[in-house]
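S.K.: The following block contains the structure, expressed as structure tokens.
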Amino acid sequence: MKVSAVVAVVVLCAAAALLAPAAEGSTRKLKVGYYEKTCRGVENVVKYHVAKAIKANRRSGAALVRLIFHDCFVRGCDGSVLLDPTPANPHTEKTAPINIGLAAFDVIDEIKAAVEDRCPGTVSCSDIVVYAARDASSILSNGHVHFEPPAGRLDGVASHAAEAQRDLPDSTFTVQELIRNFRRKNFTIEELVILSGAHAIGVGHCSSLRARLTAPADQIVPAYRNLLAGKCAAGPNPVVPNNVRDENPAAVAAAFPSFLKKLRKVNDFLDNSYYHNNLARIVTFNSDWQLLTEKESLGHVKEYAENGTLWDEDFSDALVKLSKLPMPHGSQGQIRKHCRFVNY
Ligand code: HEM
């Protein structure tokens, strides 16, 4: 083909893409195995890259588990959390203070590049976020958390920090605020407790647990409070493990020696330890402790402390429910070429 003909084809394709109407994103039917015919093997590609990322840095697993929550609770699961700020939209969700510490965007980029190589323009970033959270939670739990999420989501074209700030729960919330926040997305008190169990893994900034540094002894074990206070003496920026079991031995030996025998060699193991820690008053966030202050949520904390297998199953189901949160009615969607930017 002559160069002029190639240019004409490229221009025509670009024009067609520009004119093509964006699809309706809020009423899509999701389906398990959605890409079987259009991008066979895509789920294995995602799994391969998630496993690779976790092997290189186990912390990226927790980041991927948090990402599905922060994507799906704001405008539904539409990849809106992945969008970078631009001059036209400088305040995307990821710039919101509530999204402090959100990470693993590079892992999503790597997966998207591999998937685009295999099947260009076919697999949405929002489906990648869901598959990646599925694989990360399975790997971090040694396969105990497992589920088959449906797919077929489209990527949204809107992303606003103010909406993230409005829709996501804050670590300073009271239990009633947490319950209201989850109810707005049609999640029950039990599901609030189940999903909070994700705080068995990962880290938080000292700024996110400030209230715990001065909480009274009936809310936090004083030795643990001393440990946190020591680490947070440097200011709001250090991060501490969400699970005391992942603390470094020196810090625990100094402030909380009775806990030394419970430290684990492998960090970020996803299980029901959050509930044991919570009942023992050694959790990082005020919002975690708050679950002990209401009758029903306290009952569920006890239930999941006693039955780890039940939690594995119920956590899996709750993540599937989370993954089905739809985009706002009437939203337009597309398959982004790059997860950080809307097409065009
Ligand atoms: C119930 C209300 C919740 C509140 C108030 C809350 C709050 C927080 C905060 C403040 C952090 C630390 C951020 C930082 O300072 O860097 C965090 C981390 C985390 N959250 Fe939540 N969260 C909640 C629910 C959830 C849910 C439902 C999930 C997932 C299903 C989740 C998964 C995680 C994970 C895995 C981390 C660690 C992330 C990392 O290490 O990169 N959280 N959360």
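S.K.: Please determine, by comparing only the residues of segment 102-119 that are within 16 Å of the ligand (Cβ to nearest atom) and not in a loop (DSSP other than H, G, I, E, B), which one is farthest from R340 (Cα to Cα).
M.R.: By that ranking, first place goes to V107.
S.K.: Here's another thing I want to ask about it. Filter segment 130-147 for residues that are open to solvent by less than 50 Å² (accessible area, probe 1.4 Å), of a type in the set (S, T, N, Q) and out of contact with any Leu (no Cβ under 7 Å at 6 or more places or on another chain) and give the result.
M.R.: S138
S.K.: Name the single residue that is farthest from the ligand (Cβ to nearest atom) among those in segment 219-239 being farther than 18 Å from A250 by Cβ and touching a residue at least 24 places away in the same chain (Cβ under 8 Å).
M.R.: Checked segment 219-239; the qualifying residue farthest from the ligand (Cβ to nearest atom) is V221.
S.K.: Filter segment 77-101 down to residues that are crowded, with 24+ Cβ neighbours inside 10 Å and not charged (D, E, K, R) and give me whichever is farthest from the ligand (Cβ to nearest atom).
M.R.: By that ranking, first place goes to L83.
S.K.: Tell me, yes or no, whether segment 147-154 has at least one residue that is within 11 Å of the ligand (Cβ to nearest atom) and closer than 21 Å to F315 by Cα.
M.R.: Looking through segment 147-154, none of the residues is within 11 Å of the ligand (Cβ to nearest atom) and closer than 21 Å to F315 by Cα.
S.K.: Which condition breaks for G204 when tested against (1) of a type outside the set (K, R); (2) within 13 Å of the ligand (Cβ to nearest atom); (3) touching a residue at least 24 places away in the same chain (Cβ under 8 Å); (4) assigned to a helix (DSSP H, G or I)?
M.R.: For G204, the failing item is (4).
S.K.: What is the one condition in (1) acidic (D, E); (2) in a helix (DSSP H, G or I); (3) more than 10 Å from the ligand (Cβ to nearest atom) that E177 does not satisfy?
M.R.: Among (1) acidic (D, E); (2) in a helix (DSSP H, G or I); (3) more than 10 Å from the ligand (Cβ to nearest atom), E177 violates only (3).
S.K.: Since K52 meets every condition but one in (1) open to solvent by 10 Å² or more (accessible area, probe 1.4 Å); (2) within 13 Å of the ligand (Cβ to nearest atom), which condition does it not meet?
M.R.: (2)
S.K.: So, in segment 294-309, exactly how many residues are in contact with an Asp or Glu (Cβ under 7 Å, 6 or more places away or on another chain) and more than 25 Å from E177 (Cβ to Cβ)?
M.R.: Residues in segment 294-309 being in contact with an Asp or Glu (Cβ under 7 Å, 6 or more places away or on another chain) and more than 25 Å from E177 (Cβ to Cβ): 1 in total.
S.K.: Which of the residues belonging to segment 180-196 are part of a helix (DSSP H, G or I) and more than 8 Å from the ligand (Cβ to nearest atom)?
M.R.: R180, R183, R184, I189, E190, E191, V193, I194
S.K.: Let me ask something additional. Got at least one residue in segment 241-257 being surrounded by 13 or more Cβ atoms within 10 Å (Cβ to Cβ), in contact (Cβ under 8 Å) with a residue 24 or more places away in the chain, touching a strand residue (DSSP E or B) at 6+ places or on another chain (Cβ under 8 Å) and within 21 Å of S171 (Cα to Cα)?
M.R.: yes
S.K.: Could I ask something else about it? For segment 117-129, which residues satisfy the criterion of being open to solvent by 40 Å² or more (accessible area, probe 1.4 Å) and of a type in the set (D, E, K, R)?
M.R.: D117, R118
S.K.: Which count do you get for residues in segment 301-342 that are assigned to a helix (DSSP H, G or I) and over 22 Å from the mean Cα position of the chain (by Cα)?
M.R.: Residues flagged as assigned to a helix (DSSP H, G or I) and over 22 Å from the mean Cα position of the chain (by Cα) within segment 301-342 amount to 4.
S.K.: Now, a different point. When the residues of segment 155-174 are filtered to those that are within 11 Å of the ligand (Cβ to nearest atom) and over 15 Å from E294 (Cα atoms), which remaining residue is least open to solvent (accessible area, probe 1.4 Å)?
M.R.: Among those residues, the one meeting the criterion is L168.
S.K.: Next question, about the same structure. When the residues of segment 120-158 are filtered to those that are of a type in the set (G, A, S) and in a helix (DSSP H, G or I), which remaining residue is farthest from Y344 (Cα to Cα)?
M.R.: S138
The values are calculated or read from the model by the stated rules, or taken from the named source; none is laboratory data. Computed from a predicted structure; not experimentally measured. Quick reminder, even Gly has a Cβ in these numbers, built from the backbone with ideal geometry, and neighbours come from all protein chains shown. Accessible surface areas use protein heavy atoms only, side chains included; no ligands, DNA or RNA. Shrake-Rupley method; radii C 1.70, N 1.55, O 1.52, S 1.80 Å.
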